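One structure is given below, encoded as structure tokens.
Nothing in this text is a laboratory measurement; each read-out follows from the coordinates by a stated rule. Source: prediction; values computed, not measured. We place every Cβ from the backbone using ideal geometry, glycine too, and count neighbours over all the protein chains shown.
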Amino acid sequence: MNKLYGLLGHPVGHSMSPLMHNDAFKQLGINGYYHAFDVPEDKLKEAVDALRLFNISGLNVTIPHKVTIMEFLDEIDEEALMIGAVNTVVNIEGRLIGYNTDGRGYLTSLLTKLNKPLKDSNVLVIGAGGAARGIVTALANDGVALLTIANRTIEKADEIKNHYLKYREANINVLPLKKAQLNLARYDIVINTTSIGMSPRVDEVPISIDHIKQTAVLSDLIYNPIETKLLQLGNKKGIITHNGVGMFVEQGALAFLKWTGKQPDTEKMTKIVMQQLGGSTC
Ligand code: NAP
């Protein structure tokens, strides 16, 4: 029998997940089908009830439901609890288990670009929104030399730090954006998790990279555009850059693995996503 999977979000019209997952089912000979369900904010409870009723095997969860869905699930994995949000649900014989593959997916992708071990790296995370939570948790769980969060609203950066410290000890520092910009030469990895530079405001950058180290890795979670203004400036300087496509693909691949026990072909997934974004895979 065909197993049903899906995405819960609002809006979901432009999601690349159905194409990516349905192709992976086909490639691996799995009888699965993935559908994007547009679920308004106030209808999440009904959507989760329907998921149980129709025995849907697995889900991705996106904005605005990543936090709210937690109260409707039967169990939540530790990293998802630490992040405070769920982006993947697995239905195991009627028990709905919530995971978060965002941070881990991001790290899997970032590791392919690093020129020194993560544990020896001084990392700056710019931004303290939903995406930053996953990134900070995964980085701190894996261990880095020093982790700094810089955000326009400093209280939000403090909140992420304090939430993490409720679970584990970690060397996390919080700075105003301006100060992080002045100190930029200290960081081995600089990660933009803000929405600054995302289409249509493609000419904006979250921070000046004038003082960035020549050996630094500059990463941007944004994939629309594939190469943000920030990454263009990094490329001009000749430093290593890393865009958000890898995170999108790897978080999806990890979810797929949790649902099916099978590892999808992430190169093929990347090709599909790049085609959707109008870029090339070269
Ligand atoms: P969010 O929760 O709304 O957080 C937005 C962040 O951007 C906050 O830190 C906010 O600062 C900052 N910000 C926004 N406008 C700003 C401005 N004008 N000046 C200074 N700071 C500003 O969003 P999110 O869910 O974390 O997503 C952030 C980005 O990550 C988006 O571009 C999204 O597309 C991308 N993303 C990519 C993936 C992937 O798979 N590659 C996955 C998730 C997200 P304040 O706290 O001060 O408001």
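Show me the three semi-axes of the equivalent ellipsoid for the stretch 178-282, from the C-alpha gyration tensor (sqrt of 5 times each eigenvalue), largest first, rounded to whole Å. Intermediate values should be presented prior to the final figure.
Values: eigenvalues 157, 47, 30 Å².
The answer is 28, 15, 12 Å, longest axis first.
Order these peptides, 69-76, 38-45, 80-87, by their mean beta-carbon neighbour count within 10 angstrom, highest first. Write down the numbers at each step before the final one.
Details: 69-76: 16.9, 38-45: 14.5, 80-87: 24.4.
By packing density, highest mean first, the sequence is 80-87, 69-76, 38-45.
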Considering only lysines 8 or more places apart in sequence, or on different chains, count the pairs in the stretch 104-243 whose C-alpha atoms sit under 23 Å apart. 26
The aspartates and glutamates whose Cα lies under 18 Å from the Cα of K258, excluding any fewer than 8 residues away in the same chain, are D23, D74, E75, D77, E78, E79, E93, D102, E250
According to a simple spin-label model (label point 7 Å from Cα along Cα-to-Cβ), what is the distance in nm between I154 and L182? 1.2 nm
Give me the three principal axis extents of the stretch 104-243 from the C-alpha atoms, as integers in angstrom, largest value leading. 39, 30, 29
How high is the relative contact order of the chain, in percent, counting Cα pairs under 8 Å that sit 6 or more residues apart? 15 percent
From DSSP H assignment alone, runs of 4+ in the chain each adding -39500 (n - 2.57), the sum over residues rounded to the nearest 500 puts [θ] at 222 nm at -11500 deg cm²/dmol
Enumerate the whole-percent occupancy of each 5 Å bin, from 0 to the last occupied one, for all C-alpha pair distances of the stretch 181-233. 5, 22, 33, 21, 14, 4, 0
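Using only the Cα atoms, work out Rg/Rh for the chain, with Rh taken as the Kirkwood radius, to two decimals.
Looking at the chain, the ratio lands at 0.97.
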For the stretch 57-128, the Cα-Cα pair-distance distribution in 10 Å bins from 0, as whole percents, is 18, 41, 25, 14, 1
Local net charge near L184, Cβ-Cβ under 13 Å (Lys/Arg +1, Asp/Glu -1): +3
